[in-house]
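Input: a single structure, listed below in structure tokens.
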Amino acid sequence: MERSGYLQRQFTPSSRSLTARELCIDVPFVTPESDNLKVMELFTRHHSLISLPVIEDNRPFGLINRHIFLSQMARPYFRELYDRKSCIAFMDKHPLVIDSENTLDELAQKMVESGDRSVTDGFILTTGGHYIGMGLGIDVIKTVSNVQTQQHQQIMQSIEYARVIQESMLNKSHKTLTAQLKDWSLVWQPRDLVGGDFYAFHEVEGGWLLFVADCTGHGVPGAFMTVILSSALDKSLQECPANRPDLLLGHVNQFIKQTLGQSEESNQTSTSNDGCDAMAAFIDPQDPRLIWAGARLSGFLLPAAGEEAVALSADRMGVGYTETPADYRWTLHETPLNAQDLLFIYTDGLTDQVGGKRNIMFGKKKVKTLLEQHRLAPVPELSAAMMQAYLDWQGNQQRRDDMTFLGFRYCGLRGRQP
């Protein structure tokens, strides 16, 4: 709609606390004593005027819709009958009246309650019951849209910044993987820009520690949990040896429960029930072996000799959750490592993805089959084949969760080989 003079105004909402006053425009008005000739003169002079307020003693009295008024006055003999009569003959006696201090949300709600009429006719704005101007339905729609756009942009900027923080947090482990492993591949794909999957790879006394976890949720809540988990892991490594993954999971469990007030000893009242599924694995190059403990997160060990891939056992107890006892002890497992054995650890974002012809989950069996089919390929090629199979399986289905999988061959360790 083209506007002229007093009706031209730009709206650039800057916060969620916008009030109806921000939409106020100064328009001419008439009184109940004004005749319809006066109304016709104002509508003729101001082509962009949608409605004309009727004001008595500086208070709203009614509203005259341009289209209704001109349609009525165009009927035969109506000019002769009504030109000199009071303008209230074609007036809406119950227009939408809004206090200027109403928030934009309150204004929008009242417009919804009043129906389409307030969108087409506009609404009268008051302060302390006294008339100050008009507001237009189209301006409410535009302003709400602009506010939502700004909020969306701010949210996306915050998430993008969170992504930078999360990737920086994981970058140290990624550099260690690059420096220490020869034949390896890592896929870390949040469902959104950030996510709840976490990995760590540390050179520690006597070997290397690999930690992979799937935290509660995805997106920003999941990413927040990875920050808590990262801190928990760092503190736990100061208190227990890395070659005891079972004890490490126990310390992480206690740290998360205390941080979120989910421990029985805590005096806090927590409504959260958050934690992670995790695999902690220690690689000992001196006495070549893999020592691990799993909390509802598993993987496979693919022997170089050609045997069937072996699933790495995991307890059915998550880390940090309300139902997990603070003193729970995860089972410690150990197996020898031989040259060219392949270790493959993954989160359930890989196995739980629905797809295929029957819309069922990708599943552990398919992961195992793909590992065995590509056992002789370099790990990056195996990883690419796994990813392509996953994407083919997913098809047009929506990504369900964050996804991480990490594979490497033993003896791909630089500097420390058996």
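For the reader, a short list of remarks on this structure follows.
- Selection of segment 105-145 for residues being surrounded by 20 or more Cβ atoms within 10 Å (Cβ to Cβ), touching a residue at least 60 places away in the same chain (Cβ under 8 Å) and over 16 Å from PHE61 (Cβ atoms) yields LEU107, GLY135, LEU136, VAL140, THR143.
- Qualifying residue in segment 23-40 (condition: in a loop (DSSP other than H, G, I, E, B), in contact with a Ser or Thr (Cβ under 9 Å, 6 or more places away or on another chain), more than 21 Å from SER145 (Cα to Cα) and open to solvent by 70 Å² or more (accessible area, probe 1.4 Å)): yes
- Pairs with Cβ under 7 Å, 6+ apart, first in segment 202-216 and in the same structural domain as LEU237 (by the TED database), second charged (D, E, K, R) and open to solvent by 30 Å² or more (accessible area, probe 1.4 Å): ASP214/ASP348; THR216/ASP274
- Set VAL354, VAL367: member being more than 15 Å from GLN189 (Cα to Cα), assigned by the TED database to the domain that holds LEU209, surrounded by 20 or more Cβ atoms within 10 Å (Cβ to Cβ) and in contact (Cβ under 8 Å) with a residue 40 or more places away in the chain: VAL367
- Residue selected from segment 183-206 under the condition modelled with pLDDT of 95 or more and under 16 Å from PRO245 (Cα atoms), by the criterion surrounded by the fewest Cβ atoms within 10 Å (Cβ to Cβ): HIS202
- Test: residue in segment 79-96 that is aliphatic (A, V, I, L, M) and open to solvent by less than 20 Å² (accessible area, probe 1.4 Å): no
- Boolean, VAL164 is in contact with a Ser or Thr (Cβ under 9 Å, 6 or more places away or on another chain) and among the β-branched types (Val, Ile, Thr): no
- GLN166 being assigned by the TED database to the domain that holds SER383, among the polar types (S, T, N, Q) and either at pLDDT 95 or above or crowded, with 20+ Cβ neighbours inside 10 Å (or both): no
- If you go through segment 209-247 and keep only what is under 19 Å from ALA281 (Cβ atoms), in a helix (DSSP H, G or I) and hydrophobic (A, V, I, L, M, F, W, C), you end up with LEU229, ALA232, LEU233, LEU237, LEU247.
- Test: LEU23 is more than 49 Å from the chain's Cα centre (by Cα) and of a type outside the set (D, E, K, R): no
- Residue within segment 44-62 that is modelled with pLDDT under 95, surrounded by 17 or more Cβ atoms within 10 Å (Cβ to Cβ) and assigned to a helix (DSSP H, G or I) present: no
- Selection within segment 231-262 - open to solvent by less than 20 Å² (accessible area, probe 1.4 Å) and farther than 20 Å from ALA314 by Cβ: GLY261, GLN262
The values are calculated or read from the model by the stated rules, or taken from the named source; none is laboratory data. Being a predicted model, the structure only gives us computed values, none of them experimental. With ideal geometry, Cβ positions are generated from the backbone for all residues, glycine too; neighbour counts draw on all protein chains shown. Keep in mind that these areas ignore ligands, DNA and RNA; they rest on the heavy atoms of the full protein, side chains included. Shrake-Rupley method; radii C 1.70, N 1.55, O 1.52, S 1.80 Å.
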